[in-house]
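Structure incoming, see below.
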Amino acid sequence: EEDALRRQVPLLMVMRGSASKWVPLCDACSAVLTNPLLAEAAEALFSPVLVDTTSCKGVHDLQDLGRMEALSGRAPKDVNASPLPLLAITSVHAHTSDNTIYTPHTWTSAAIATAMIHARKANNLPVPPYLNILAEETPLTKCTCTKQTHHLPAFNPPFSDANPTHAFFAVHCTTAAEIHFANLSGVIDTEAGFLNHHKTLMITYDSKRLSYGKLVHHAISHDAANTVYFHTNDQKAVAQINMMNARVSYTRLVQFDAAEHTFVKTVDRKHYLRNTIIKSVPLSPLQKARANAYIAQGQFHEATRLLSPRQGLILRLSQSNKSLTDIVHSFEPVDVNIQTAWFMLSDAG
């Protein structure tokens with residue numbers, strides 16, 4: 001609490017229990033526990049303390065545990081920042097100056113980030129763009145763990161019941177199509193590719209925030225689809241209504257069949273992003289999509305504002321540090337997930 005008062009930041013309680021009882025093991029939980037942006041936000045924007053339910057030591061800070069490289073959230077060594085130990089978190093609680101507790105309702109990075117945002121706002125503190133993006137991103141993999149939770153007042157973030165799904169549109173130009181959808185609220189990711197040899201954009205979106213109808217309307221109004229793929233009869237009816245309202249006759253409707261349709265990503269996806277130095281930085285899916293759109297519109301500075309401080313430092317170091325430069329040249333961070341890219345750069349230090 002002394003550190004929180006000195007730095008004028010909220011307190012972040014990290015609850016940890018015994019490995020046999022508390023550590024989440026499913027893929028969805030692992031993705032949360034290894035999210036470097038979540039770890040950075042916890043360290044930089046809060047005063048994190050560990051509540052260890054397995055020993056009599058009780059509450060203590062995370063500095064000693066943070067030096068263990070095996071723990072997740074580590075930054076490249078050159079960044080010189082101790083990682084937050086997220087390996088055995090059981091729950092996270094953000095406290096405000098008036099003792100309000102924001103507890104994520106679901107075990108996702110988006111839910112934890114949303115609780116962090118509300119705690120920051122409750123203390124009249126700014127929220128950086130990267131944390132807002134993290135709150136918008138919804139995991140495709142649902143948690144399959146049976147994990148006990150602590151009985152504290154629960155905060156239900158707006159995306160706690162999110163339902164991420166895919167939509168496919170055959171397009172004239174995948175490079176342009178990615179730009180059209182990147183900043184549409186509810187879109188989580190865009191991927192350019194081919195569906196049975198046709199140029200196609202695969203959109204990952206949260207159907208709780210963005211309806212299929214609005215997605216189709218957006219595609220048609222921006223002349224961004226010559227074929228709309230539907231999964232259900234309800235989607236087909238919605239697409240037909242939007243096409244009639246827009247008086248569109250050139251757009252085809254095709255039922256998507258996973259057994260017959262194979263989507264293959266193009267090597268030139270996120271075209272504008274991969275032609276700038278930002279391609280060297282590990283980015284989340286939504287960061288990639290929005291940065292790519294900003295760069296396409298000539299707003300490079302806006303694209304850099306999406307980065308966290310550590311991402312910004314990685315950007316600078318990748319241009320001057322030979323070890324990092326060699327690693328970046330051996331693979332494209334823009335082509336892999338943020339956790340994999342982050343740890344590969346960590347090894348370069």
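So how do 168-178, 203-213 stack up, highest first, on mean other-Cβ count within 10 Å?
Working: 168-178: 20.5, 203-213: 18.8.
For the peptides 168-178, 203-213, the packing ranking is 168-178, 203-213.
Could you calculate the contour length gain from Asp335 to Ile241, that is, 0.36 nm times the residue separation minus the distance between their Cα atoms, to one decimal place in nm?
30.2 nm is the gain from fully extending Asp335 to Ile241.
Here is a further query. With a point put 7 Å past each Cα toward its Cβ, work out how far Lys121 is from Val267 in nm, to one decimal.
The answer from the label model is 4.5 nm.
Take each of the peptides 334-342, 287-295, average the number of other beta-carbon atoms within 10 Å over its residues, and list them starting from the highest.
Working: 334-342: 18.6, 287-295: 25.2.
Sorting 334-342, 287-295 by mean packing, highest first, produces 287-295, 334-342.
Quick check on segment 174-230: what does the Kirkwood estimate of hydrodynamic radius come out to from the alpha carbon pairs, in Å?
Working: mean 1/r = 0.0872 Å⁻¹.
Computed over Cα pairs of segment 174-230, the Kirkwood hydrodynamic radius comes out at 11.5 Å.
How large are Rg and Dmax for segment 206-349 when calculated on the C-alpha trace, in angstrom?
Gyration radius and largest Cα-Cα distance of segment 206-349: 19.4, 57 Å.
Assign unit charges at the C-beta atoms only (+1 for Lys and Arg, -1 for Asp and Glu), then state the dipole size of segment 159-316 relative to its Cα centre in Debye, rounded to the nearest 20.
That gives segment 159-316 a dipole magnitude of about 500 debye.
Values in this text are rule-based calculations from the coordinates and carry no lab data. Values in this document were obtained by computation on a predicted structure and should not be read as measured data. Glycine also receives a Cβ, built like all others from the backbone with ideal geometry; neighbour counts cover every protein chain displayed.
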